[in-house]
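Accompanying notes for the structure given below.
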Amino acid sequence: MPVQSRVETLYRPSYVIGADGEPTAVLVDIATWQALIRRLEEMEDAEIFRESAEDLARLARGQRPAGWKSWEEFEAELDAMEDASGEVPG
């Protein structure tokens, strides 16, 4: 479906009307649904990046962000978990 048609679908959707005469759901074609999901995922990714920007800047300066563990600390915790259960956590 062309992008213009998807945009039109968003502004003039088909509704499912309930017994009370009020809209209860919106019908969209699968291409529009997939485009909406992709856009929401992109927005979520951008938000995660914005939230991580300070930590990434610290890493770029060679510093460890607050709350981050060194590889050695992580490895020691993993080893302790393996020793306690006899299995690799996962």
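The values are calculated or read from the model by the stated rules, or taken from the named source; none is laboratory data. Just so we're clear, the structure is a prediction, and the values are computed from it rather than from any experiment. Note that we place each Cβ from the backbone using ideal geometry, even for glycine, and neighbour counts take in every protein chain shown.
Anything in region 60-90 that is surrounded by 12 or more Cβ atoms within 10 Å (Cβ to Cβ), of a type in the set (A, V, I, L, M, F, W, C) and part of a loop (DSSP other than H, G, I, E, B)? List them, or say none.
Of everything in region 60-90, just one residue is surrounded by 12 or more Cβ atoms within 10 Å (Cβ to Cβ), of a type in the set (A, V, I, L, M, F, W, C) and part of a loop (DSSP other than H, G, I, E, B), namely Trp68.
Quickly run through region 23-59 and pick out the residues that are outside any helix (DSSP H, G or I) and hydroxyl-bearing (Ser, Thr, Tyr).
Answer for region 23-59, where residues must be outside any helix (DSSP H, G or I) and hydroxyl-bearing (Ser, Thr, Tyr): just Thr24.
How do the pairs read when you match residues in region 21-40 that are surrounded by 10 or more Cβ atoms within 10 Å (Cβ to Cβ) with residues anywhere that are in a helix (DSSP H, G or I) and of a type outside the set (Ser, Thr, Tyr), using Cβ under 6 Å and keeping only pairs 6 or more apart or on different chains?
Taking only residues 6 or more apart or on different chains, the pairs are Thr32/Arg6; Ala35/Arg6.
Which of the residues that make up region 1-20 are assigned to a loop (DSSP other than H, G, I, E, B), surrounded by fewer than 10 Cβ atoms within 10 Å (Cβ to Cβ) and modelled with pLDDT under 85?
Of everything in region 1-20, those that are assigned to a loop (DSSP other than H, G, I, E, B), surrounded by fewer than 10 Cβ atoms within 10 Å (Cβ to Cβ) and modelled with pLDDT under 85 turn out to be Pro2, Arg12.
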